[in-house]
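Trainee: After the structure tokens below, expect a handful of questions from me.
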Amino acid sequence: MRRHGKWLVRWAMRAAFFSLGLGMMTSSAAGWAQREQPSRPEVPAYEHGALDPLTPEEHAVAERIARNDAKVKQLLGEGAVRLVSITPVIIKRGDSPEKIDVHQREVEVVLFRPQGEVGARVLVNLRQNNVANLQRLESGQVPFTVDDLNDAFQLALRDAEVERTLGPEAKSFRVQAETTEPGAAPLENEVTGLPMRSSDPKDPCYKHRCLQLLFRRGNDYLSLAVSVDLTAKTVAVDRGQGK
């Protein structure tokens, strides 16, 4: 029994030394690998250049920051606010060219509330995730979008003369989209729009948001032009335009 016990003690001691040695070897190997492995350069927090095209993620973040800003909400409210445009920009601060930071990532977000026709130019700093500047825009300073074109077309469809001229195909017309998928066939019946401005202070379109609608059936434009005052919600038909 004593010999057996001594053998067990010697076996346990050898196992302990073996485990200790293996641990030291593993630790040394790990340390050697850590020392030999070249250090990787730190990746910048933001890699995009000032005027690089926006990624879908940046687009969504910029819009969310602009819409959720307290001052923007106070100006526009939270409901029925449309996105007009999102564009990366370079902001010059001061008169010296050296004050232009070409590595900045700032985005101009233009929002518009149709009710009351109030717009906002929101400068979003994507590096800092905040609104750097806010500017109120008058109705005439806000570009037209497909939403405006669609609103004008819906108003035009309520006009008896427009409906009579277009006939049964009236509801088959579709507004011209801002972007068309490559290879997509053109619309057979399409509505396009042109902004209308007036230099006459007595003309409603001097201040109002107005569009002239043109209707294309196939390759030919109809001899029908419709002027729509989006502000006053009025429609005027002119048969002297078109081919």
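Trainee: Looking for whichever is touching an Asp or Glu at 6+ places or on another chain (Cβ under 8 Å) and either on the phi > 0 side of the Ramachandran plot or in the same structural domain as residue 70 (by TED's automatic domain parsing) (or both) here; the options are 211, 126, 157, 137. Which one fits?
Mentor: 126
Trainee: Quick test of your reading of the structure: residue 181 fulfils all but one of (1) at pLDDT 90 or above; (2) surrounded by fewer than 16 Cβ atoms within 10 Å (Cβ to Cβ); (3) of a type in the set (D, E, K, R); (4) not assigned by TED's automatic domain parsing to the domain that holds residue 91. Name the failing condition by number.
Mentor: Only one criterion is unmet by residue 181, namely (1).
Trainee: Going through the range 90-113 one residue at a time, which ones are touching a strand residue (DSSP E or B) at 6+ places or on another chain (Cβ under 7 Å) and modelled with pLDDT of 90 or more?
Mentor: Once the filter is applied, which keeps residues that are touching a strand residue (DSSP E or B) at 6+ places or on another chain (Cβ under 7 Å) and modelled with pLDDT of 90 or more, the range 90-113 yields 106, 107, 108, 109, 110, 111, 112.
Trainee: Can you work out which of the residues in the range 209-226 that are in contact with a helix residue (DSSP H, G or I) (Cβ under 8 Å, 6 or more places away or on another chain) and at pLDDT 95 or above is nearest to residue 112 (Cα to Cα)?
Mentor: Out of the qualifying residues, it is 209.
The values are calculated or read from the model by the stated rules, or taken from the named source; none is laboratory data. Remember, predicted model here, so these are calculated numbers, not experimental data. Reconstructed Cβ throughout: ideal geometry from the backbone, glycine too, with neighbour counts over all protein chains shown.
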